[in-house]
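Heads up: the structure comes next, in C-alpha cells.
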Amino acid sequence: MRILFINDMYTVGGATMALKELLLRLKADGHEPIVCTSVHDSFNDFLDANGIQNLPDGHISVMDVTRRLLRHSSLYFHYRKRQYQAAMQHALELIPQRIDMHSIDLIHTNSIRNDEGCFLSQKYRIPHVMHIREFGAEDFACSVFAPDYYASLNGRCDVLLAVSEAVRRSSIRKGVLPEKVQTLYDGVVFDGFSVKEQNTLTEGKLRVVIVGGVCETKGQHIAVQALGALPEEIRRHVTLDIIGWEGRIYRSLLDCMIHVLHLEQQVRFLGTRDDIGQLLAGYNIGLMCSKSEGFGRVTAEYMYAGLGVIAADTGASPELVCNGKTGLIYHRDDPKSLADRITQLYRDPALRSRLSRNAHRAAERRFSAEINYQKTLEVYRKVLAGAV
C-alpha cells in the first residue's frame, strides 16, 4: 500500500509518537508511507533518517488551540480563520506538485484537528481514515473554523478511529455518526522498559512522578497541591519529579506554589527526557492528572513499568485504569482526594505490589504497538475493500 499520512501541525506528544511507530512497522512490512507535515522540524529529520518521504506543506489546524485569552475574540477568530484558509489553499496546491496523488491507495489523517486529508480524499476519490486522538473542546477548549465540522466528517471519511471509548462518545455527541467511528487504543512500544518491584521503598522514600507537557491541562498544579496536603509524617517521605517540556508562565506559577507550600526539597523538574522507559523503574507511583486525556500514553507506560498508577476520573483514564485492580482513581479537581490515594499506597505495600502486577499484565495485553498495528492494518483492508 502507498499511504499518505497527514500529521498534526504540533509534533510534540503522544499522537506523533504513535505515528512514528506505525510508520516504521508499515515500512518494515514493505508498504510505502508518505507524510505531510506543517513545517520542517525534528519529526521530518526522523522521517528522513528512516527513508520515509515527507513534505512540509504549511497546513494549519482547522481547530485553534492557541492564545486562550484571545480565543473568544471575534476579530481574533476571523484572523485565524483567514490564516487557516490561506494555508489550506497553499497546501492543496503544493501537494499534487510534489506527490503523485493518483498512486496513493489510502489517506490517513493522524489528528481530527487537520482536515486537508478530507479535501484530498474528495478531489482524488481516495479512501480516507481519520484518527480522533483528543476531545478538542473538553481538553483544549478548541474553537473550530469550519461550520458543523464533526457532522461534515461523516461524508468525508470512510472510518474514524477514536483512541478511547470516551473520545468516541464525545465525537458522537458532536455529530459523528456512531457507525462511522470505532475505538482503537493507541499502541506503545515497550522495548527497553524496566519493570518496577513495588514491595519495598528505596531509602524509605515513596517516589512519585508525573510525565507530560508542563501546562495547566496536564494538572501538575494538582499534584503539587496534593503533596502539600499529605499528613506531615508521610509528606517528608514522599518526593515528586515532574518530567516534560515546560510552559514558561505555568512553570512560574508552579514555582510559586512549591515555595508557598515549602516543598523545594521534595519537588524536582527534570525537563524533557528521551529515556522514560528506564527512568520509570526508579519510581513507585505515576500520576495522571490531566483535565481530560483522550488516551494517555504515559498511563500505559506507567502500567507496563509496574508503577502504582493514580489517575483522575476524567477523559479516558477510568477506561485504562480499573480502580482498585490496576490502579486508583481520584476526583480530578480535589487535591485532597489525590493526597488520600497517595497516602493509601504509602501505607499499604501489599496493595502497591498487587496493583503493579495487574497493571503490567493489563498494559501488555491491551496497549502493545504490535496489537495496534495489526488492528490498524485490518481497518485499512476493510476500507480498501469497501467493507466499512
(message) Just to confirm, what accessible area per residue do you get for the chain at 1.4 Å probe, in whole Å²?
(response) 43
(request) Please report, largest first and rounded to whole Å, the three semi-axes of the ellipsoid equivalent to the chain, where each semi-axis is the square root of five times an eigenvalue of the C-alpha gyration tensor. (result) 38, 23, 18
(message) With n ≥ 4 as the cut-off for DSSP H runs, can you work out [θ] at 222 nm for the chain, using -39500 (n - 2.57) per run divided by the number of residues, rounded to the nearest 500?
(response) -12500 deg cm²/dmol
(message) Nearest 10 degrees is fine. How inclined is helix 14-28 to the longest principal axis of the chain, computing both from alpha carbons?
(response) 60
(request) Give me the accessible area of residue 202, 1.4 Å probe, in Å² rounded to the nearest 10. (result) 70
(request) Please report how far the C-alpha centroid of region 126-159 lies from that of region 243-278, rounded to the nearest whole angstrom. (result) 33
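Pull out a ≥ b ≥ c, the square roots of the eigenvalues of the alpha-carbon gyration tensor of region 178-241, then state rounded if a/c is under 1.5, prolate if not and a/b is larger than b/c, and oblate in the remaining case.
oblate
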(message) What does the net charge come to around residue 258 if you take all other residues with beta carbon closer than 12 Å to its beta carbon, with K and R at +1 and D and E at -1?
(response) 0
(request) Considering Cα pairs under 8 angstrom that are at least six residues apart, work out the relative contact order of region 1-58 and quote it in whole percent. (result) 38
(message) Nearest 5 percent is fine: what portion of the DSSP beta bridges confined to the chain is antiparallel?
(response) 5
(message) What do you get for the angle between helix 74-98 and the principal long axis of the chain? Use alpha-carbon atoms, 0 to 90 degrees, nearest ten.
(response) 60
(request) Using label points projected 7 Å from each Cα along Cα→Cβ, tell me how many nm separate residue 325 and residue 90, to one decimal. (result) 5.1
(request) Can you bin region 245-388 into rounded, prolate or oblate? Criterion: square roots of the alpha carbon gyration tensor eigenvalues sorted a ≥ b ≥ c, rounded for a/c under 1.5, prolate for a/b above b/c, oblate for the rest. (result) prolate
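I'd like the carbon and sulfur percentage of the solvent accessible area for the chain, probe radius 1.4 Å, heavy atoms only, ligands and nucleic acids excluded.
Carbon and sulfur atoms account for 52 percent of the accessible area of the chain.
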(message) Using a 7 Å offset from the Cα along the Cα-to-Cβ direction at both residue 27 and residue 388, what is the distance between the two label points in nm, to one decimal?
(response) 2.4
(request) Compare 204, 13, 155 in a GNM of the chain, Cα atoms joined below 10 Å, and give the one with the largest fluctuation. (result) 204
(request) Figure the gain on full extension for residue 17 and residue 377 (residue separation times 0.36 nm, minus the Cα-Cα span) and round it to one decimal in nm. (result) 127.8 nm
(message) Pairs of alpha-carbon atoms within less than 8 angstrom and 6+ residues apart define the contacts here; what relative contact order does the chain have, in percent?
(response) 15
(message) On a straight-distance basis, which aspartates and glutamates could pair with residue 336 in a cross-link, Cα separation under 17 angstrom, same-chain partners fewer than 8 positions away excluded?
(response) 232, 233, 313
(message) Between residue 50 and residue 347, what's the calculated FRET efficiency when r is the beta-carbon distance and R0 is 45 Å? Round to 0.05.
(response) 0.40
(request) May I ask which of 123/382; 205/325; 81/174; 27/218 have a Cα-Cα span longer than 27 Å here? (result) 27/218
(message) Could you check the spin-label model distance between residue 165 and residue 354? Points 7 Å from the Cα along Cα→Cβ, value in nm.
(response) 2.3
(request) Please give the net charge around residue 111, taking every other residue with its beta carbon less than 12 angstrom from that of residue 111, where Lys and Arg add +1 and Asp and Glu add -1. (result) -2
(request) Would you mind checking the tilt of helix 349-366 against the longest principal axis of the Cα atoms of the chain, expressed as 0 to 90 degrees and rounded to 10? (result) 10
(request) Give, as a single signed number, the net charge of other residues whose beta carbon lies under 14 Å from the beta carbon of residue 25, with Lys and Arg counted +1 and Asp and Glu -1. (result) -4
(request) Please work out how much length the chain gains when fully extended from residue 154 to residue 275, using 0.36 nm per residue of separation minus the C-alpha to C-alpha distance, in nm with one decimal. (result) 39.6 nm
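The values are calculated or read from the model by the stated rules, or taken from the named source; none is laboratory data. Computed from a predicted model, the values in this text were never measured in an experiment. Counting neighbours? That spans all protein chains shown, and the Cβs are built from the backbone with ideal geometry, glycine included. Note: accessible area is taken over every heavy atom of the protein model, side chains too, but ligands, DNA and RNA are not part of it. Shrake-Rupley method; radii C 1.70, N 1.55, O 1.52, S 1.80 Å.
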